[in-house]
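One structure below.
The values are calculated or read from the model by the stated rules, or taken from the named source; none is laboratory data. Please read all numbers here as calculations on a predicted model, not as lab measurements. Positions of Cβ are backbone-derived with ideal geometry, glycine not excepted, and every protein chain shown enters the neighbour counts. Only protein heavy atoms, including side chains, enter the accessible area calculation; ligands, DNA and RNA are left aside. Shrake-Rupley method; radii C 1.70, N 1.55, O 1.52, S 1.80 Å.
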Amino acid sequence: MISMILGRKIGMTQVWDEDDNVVPVTVIQAGPCAVSQVKTQATDGYDAVQIGFGDIKAKNVNKPMAGHFAKAGVEPVRFLREVRVENGEEHKVGEVVTVADFADVEKVDVIGTSKGKGFQGRIKRWGQRRGPMTHGSHFQRHPGSIGQCAYPARVLKGVKMAGHMGNERVTVKNLSVVRIDAEQNLILVKGAVPGAKNGLVAIRMA
């Protein structure tokens, strides 16, 4: 069984559960994802399948990838991801993964790329405190001391400072599956999902 599906984050909304409680959910358009390559122990040394998602114009597909899709007999897609499976020989090229395969799944892990914040200071990036803003204080949003005096006479690795924030792979684990709409290929998960709207996300069975 393929335990992951690719999708596109649409946005957040809210639904009501059976007890009339408001549940904040993220709507994800997931799949259908066709298998474009199967890897087995005999051919590649490990078992995995390659799935794809996202529409793309034919003119934007380069020749190597066009040949790859033509050999598999599937339509070209924008994104390709590899998923480990227990036995690759059980799967075939052209097999389709849909949200209906997640009908009996209660918890999922969602993987996405967080929003890029650019270069940020230590207060926003790490949640550190600032100095007093009044009474003549000159220490407000500065980083302050970053090390010791004479020993070890260097800045230790891993000190939290200003720098690039966001735009990195983030995994949110154990999100509850609230609803699945197989007709529109939608899956609703409770809570927030990393990334901006229309961003690529991977939904993995927890």
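Worth pointing out:
- Residue satisfying condition, being touching an Asp or Glu at 6+ places or on another chain (Cβ under 8 Å), open to solvent by less than 100 Å² (accessible area, probe 1.4 Å) and not aliphatic (A, V, I, L, M), within set GLY131, GLY88: GLY88
- Of GLY112, GLY121, GLY116, all but one fail to be over 21 Å from the mean Cα position of the chain (by Cα) and not aromatic (Phe, Trp, Tyr); the exception is GLY121.
- Enumeration of residues in segment 173-204 that are in a strand (DSSP E or B) and either open to solvent by 40 Å² or more (accessible area, probe 1.4 Å) or of a type in the set (Ser, Thr, Tyr) (or both): LYS173, ASN174, SER176, VAL178, ARG179, ILE180, ASP181, LYS190, LEU200, ARG204
- Any hit, segment 127-140, residues being under 24 Å from the mean Cα position of the chain (by Cα) and not in a loop (DSSP other than H, G, I, E, B): no
- Among the residues making up segment 104-126, those that are at negative phi and open to solvent by less than 70 Å² (accessible area, probe 1.4 Å) are VAL105, VAL108, ASP109, VAL110, ILE111, GLY112, SER114, GLY116, GLN120, GLY121, ARG122, ILE123.
- Some residue of segment 50-59 being surrounded by fewer than 16 Cβ atoms within 10 Å (Cβ to Cβ) and touching a strand residue (DSSP E or B) at 6+ places or on another chain (Cβ under 7 Å): yes
- Tallying residues that are in a strand (DSSP E or B) and among the hydrophobic types (A, V, I, L, M, F, W, C) within segment 43-63 yields 4.
- Segment 64-85, residues that are more than 22 Å from the chain's Cα centre (by Cα), in a loop (DSSP other than H, G, I, E, B) and buried (at least 17 other Cβ atoms within 10 Å of the Cβ): VAL74
- Just one of the listed residues (ALA196, ALA202, ALA162) is out of contact with any helix residue (DSSP H, G or I) (no Cβ under 6 Å at 6 or more places or on another chain), closer than 30 Å to ARG129 by Cβ and of a type in the set (Gly, Ala, Ser), namely ALA196.
- The residues of segment 6-42 that are of a type in the set (Val, Ile, Thr), surrounded by 12 or more Cβ atoms within 10 Å (Cβ to Cβ) and either part of a loop (DSSP other than H, G, I, E, B) or free of Cβ contacts under 8 Å to residues at least 40 places away in the same chain (or both) amount to a single one, THR40.
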